[in-house]
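Report on the following structure.
The values are calculated or read from the model by the stated rules, or taken from the named source; none is laboratory data. Here the structure is a predicted model, which means the values were calculated and not measured. Cβ coordinates were reconstructed from backbone atoms using ideal geometry, including for glycine residues, and neighbour counts include every protein chain displayed. When the accessible area is computed, the model is the full protein with side chains, heavy atoms only, and any ligands, DNA or RNA have been set aside. Shrake-Rupley method; radii C 1.70, N 1.55, O 1.52, S 1.80 Å.
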Amino acid sequence: MRFAAVLNQDGGTLRSTDIAAFSDRLRRTLEAAGHSVQIDIVAGRDIAAALQKAIAKRNIDVVIAGGGDGTISTAASLLMNKKKALAILPAGTMNLFARGLGIPQTLDGALKSFADGEVIAVDMASANGHPFVHQFSIGMHARMVQLRQDMDFGSRLGKMRASLRAAWATIKNPPALRVSLTIGKAEIVTRTTAIGISNNLFGEGHLPYADNPAGGVLGIYVGVARRRRDLAKLLLDMLRGRWRDSAHVEIHQADKAVLKIHSPTKKFSAVMDGELVRLERETAIEIHPGALNVLVPARNAQAKAA
């Protein structure tokens, strides 16, 4: 296969990696397996343009995106409904979309899996036409991300600590939103602290990512917890993957949902693939089956085919 690699030198763990040495390993690993590769190392501000340039090349089969959640989400959005495949170098904090694809969580482990990887089609989702690969959320998650942005952290571990501090601050002062959520012919009208809508249902017993990235449904999670103790339990259930047993969340699934905000506040934020975005008063979220080609380890492609 013919690869084009775009590495965000400011993204996630790549910031603290000897990126020149890693690029050399990338080239040697792929060429030893009979592939060709072009490598572009860019600053974070230039990542979208570099990805667009790589995708526009006619002689490329697979685009490798190296960076955090923002880099991977941008790459997937640009490759949506295209023949070229995405290969993920997971350099983010949690790498949840990559986990759902069975991609090794170290840079070198992921790289080695590319050598004999196989291309499969997986789903994407969109919110008012804006694509995402993992999750769209409002309420507590958005407040946590806002609070974390005001904290100083210079490493993956530092970001995790900042996330814990932001989570505790949010639990002590949770948001409350009046919303309506239309799922098929049913309409849910409620006051909630959190809603998350995922690209396929989250699996059980692990961090929140989909076991089946080609399941063809949105996972819709509506938080019903109000008290501080229950909010903390909900967060713990989420991290441990105990959604189905939790009394503090309602779970639905559909191919489309429409979220309307009725709270009087003028400005709202949502989180989409880890990034804060402006939340409209009405948001239509849809699943797009098979919209993204991805390179996954051969064993995972065989398991999903079975």
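One table, with the values for the structure above:
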read-out: Meets criteria (under 22 Å from the mean Cα position of the chain (by Cα) and at pLDDT 90 or above) for Asp150; value: no
read-out: Sole residue being within 30 Å of Leu201 (Cβ to Cβ) and assigned to a loop (DSSP other than H, G, I, E, B), chosen from Thr71, Thr93; value: Thr93
read-out: Residue among Ala121, Ala125 that is in contact with a strand residue (DSSP E or B) (Cβ under 6 Å, 6 or more places away or on another chain), open to solvent by less than 10 Å² (accessible area, probe 1.4 Å) and either of a type in the set (A, V, I, L, M) or part of a strand (DSSP E or B) (or both); value: Ala125
read-out: Yes/no for Gly12 being touching a strand residue (DSSP E or B) at 6+ places or on another chain (Cβ under 7 Å) and surrounded by 15 or more Cβ atoms within 10 Å (Cβ to Cβ); value: yes
read-out: Residues satisfying the stated conditions in the range 15-28, i.e. closer than 19 Å to Leu295 by Cβ and open to solvent by 40 Å² or more (accessible area, probe 1.4 Å); value: Arg25, Arg27, Arg28
read-out: Residue check for Leu89: more than 19 Å from Pro131 (Cα to Cα), touching a residue at least 24 places away in the same chain (Cβ under 8 Å) and open to solvent by less than 10 Å² (accessible area, probe 1.4 Å); value: yes
read-out: Residue within the range 1-11 that is within 20 Å of Ala98 (Cβ to Cβ), assigned to a loop (DSSP other than H, G, I, E, B) and among the hydrophobic types (A, V, I, L, M, F, W, C) present; value: yes
read-out: Every residue from the range 164-202 that is without any contact (Cβ under 8 Å) to a residue 60 or more places away in the chain, part of a loop (DSSP other than H, G, I, E, B) and surrounded by 15 or more Cβ atoms within 10 Å (Cβ to Cβ); value: Pro174, Pro175, Thr193, Leu201
read-out: Single unsatisfied condition, Val37 versus (1) open to solvent by 10 Å² or more (accessible area, probe 1.4 Å); (2) at pLDDT below 95; (3) touching a Lys or Arg at 6+ places or on another chain (Cβ under 9 Å); value: (2)
